[in-house]
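Below is one structure, written out as C-alpha cells, with a few remarks after it.
Each value in this text was obtained by applying a stated rule to the coordinates, not by laboratory testing. Remember, predicted model here, so these are calculated numbers, not experimental data. Note: ideal-geometry Cβ built from the backbone for every residue, glycine included; neighbour counts use all protein chains shown.
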C-alpha cells in the first residue's frame, strides 16, 4: 500500500479540538437559552457539520440552527479555534511523510477560513500543499462534496489518494469519490461507527498509523 496523496481530516485526526468546540457549542446553546454544564455531552459536535448537529441533537429549526452557528463562530473566531492540541507524534509523522515524497492536504468540514488559521497557528502549514474546508455559507460541509472539489481543483487521481479521518463522514465521503479510506481510532468516532463503513485501513493509534504509512514509502 503506497498512496502518493494523503487527505487528512483536521478535528480528531490532526488535532484534539475538544475544549474549543465544546465550549463554543456550550456558548451558542446558552445564547439560545439552553444551559449545558457537562462538556462531555457536547463531544458529538466534533466532526459532523455544525448546523446539522444543532438541528439533530437539539431540535433547532433552520433559522435557530443558523443563529446558533453564528453565535458559535463569535466565540470560536475569538478564542475557541486555539483551544486545541496537536496530537503527540503528529508533527514527526507529517515530516516523515513529506520527506517520503507524499503530497499532503487537509480536508475538513470546518470552514477553510478557520482551518487555515489553526494549521498556521500550530505551525503545521509547512507540511501541507493546501488546506481545504467548507465555505462560511455552508457550501461543501459534506465530505463527499469537499473531496470531489479537492480532486478537481488539484487534478488528483482518486486511485492515488487516501482519506484519513476519525468519523464515518470521512469514510463515506471517500467511498463516494472512489478514494480509499483509513479510519483512526484515537479520535471521536467509535470503533463500531468506523468499522461499519468498511475502511480499507483502521489505525487504532497514531503509532500504528505512522508505522503503516512509513513502511510503505518508496
Of 85, 69, the only residue that is surrounded by fewer than 14 Cβ atoms within 10 Å (Cβ to Cβ), in contact (Cβ under 8 Å) with a residue 40 or more places away in the chain and under 20 Å from the mean Cα position of the chain (by Cα) is 85
Only one residue in 60, 76, 54 is buried (at least 20 other Cβ atoms within 10 Å of the Cβ) and assigned to a loop (DSSP other than H, G, I, E, B), so which one is that? 60
Quick check on residue 130: is it surrounded by fewer than 22 Cβ atoms within 10 Å (Cβ to Cβ), over 20 Å from residue 12 (Cβ atoms) and in contact with a strand residue (DSSP E or B) (Cβ under 6 Å, 6 or more places away or on another chain)? yes
Look at region 22-49 and say how many of its residues are touching a residue at least 60 places away in the same chain (Cβ under 8 Å) and within 13 Å of the chain's Cα centre (by Cα). 4
Residue that is out of contact with any helix residue (DSSP H, G or I) (no Cβ under 7 Å at 6 or more places or on another chain) and touching a residue at least 24 places away in the same chain (Cβ under 8 Å), where the choices are 9, 61, 16: 16
